[in-house]
1. Once all Cα-Cα distances of the chain are split into 10 Å bins that start at 0, what whole-number percent is in each one?
2. Can you give the FRET efficiency for residue 112 and residue 49, using 1/(1 + (r/R0)^6), R0 = 41 Å, r = Cβ-Cβ distance, to the nearest 0.05?
3. Under the rule of -39500 (n - 2.57) per DSSP H run of 4 or more residues, summed and divided by the residues of the chain, what mean residue ellipticity at 222 nm is obtained, to the nearest 500 deg cm²/dmol?
4. Between exposed trypsin sites (Lys or Arg not before Pro) in the chain, where DSSP calls loop and at most 16 other Cβ atoms lie within 10 Å, what's the longest gap?
5. Place a +1 charge on the Cβ of each Lys and Arg in the chain and a -1 charge on the Cβ of each Asp and Glu, then give the dipole magnitude about the Cα centre in debye, rounded to the nearest 20.
6. Quick one: ranking 92, 32 by accessible area, 1.4 Å probe, largest first, what do you get?
7. Label points 7 Å out from Cα along the Cβ direction at residue 96 and residue 126: separation in nm?
8. In Å², what does the accessible area per residue of region 80-128 work out to with a 1.4 Å probe?
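The values are calculated or read from the model by the stated rules, or taken from the named source; none is laboratory data. Just so it is clear, the structure is predicted and the values come from calculations on it, not from any experiment. All Cβ positions, glycine included, derive from the backbone under ideal geometry; neighbour counts span all protein chains shown. Heavy atoms of the whole protein, side chains included, go into the accessibility calculation; ligands, DNA and RNA do not. Shrake-Rupley method; radii C 1.70, N 1.55, O 1.52, S 1.80 Å.
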Amino acid sequence: MDQAWIAARIPHQGSMCLLSEVVSWSEDDIVCFADSHQLPDNPLRAAGRLGVANAIEYAAQAMAVHGALLAGDAAPARAGYLTSVRELSWHCRQLDGLAAPLRIHAERLSGSPVNAMYRFTLHAGERLLVSGRLGVVLDADALAGKRNS
């Protein structure tokens, strides 16, 4: 599954679709690769740098692709909202300048049609760059309806 396949299934388009390919996936996890961190026109660069905090966006996109795969081709791409970032561990300062592709592994810890929690790691080759947990609301309208009832 290449970048065109990914872009057809998540809301991120153009240069904001950061992932290059899906290497493997199951009901519990997904592994993706990305080389967009090497591009000088990466839209997440600030002051000519791609800071390590942008690893969260790479992980969130892997989570979005995983959600799309679990939903199947019949489900339209929908925007999720990042709701929590926990247990982050940084092992570098920036992502640009790394020659190896980024390997993003996201493991679904829990989830429902409304929200999900994932653990993720981001590597360049064998080097661990970032790890943590991310929570996402998948259907904000459904969640708002539950609060109003």
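1. The distribution over the chain is 12, 42, 35, 10, 1, 0, given as percents.
2. On the way: r = 37 Å, r/R0 = 0.91.
So the FRET efficiency works out to roughly 0.65.
3. -6000 deg cm²/dmol
4. Values: sites that count: 78, 93.
Between the exposed loop sites, the longest stretch runs 1-77.
5. With Lys and Arg at +1 and Asp and Glu at -1, about 500 debye.
6. Largest to smallest exposure gives the sequence 92, 32.
7. 2.9 nm
8. Values: 2860 Å² over 49 residues.
That works out to 58 Å² per residue.
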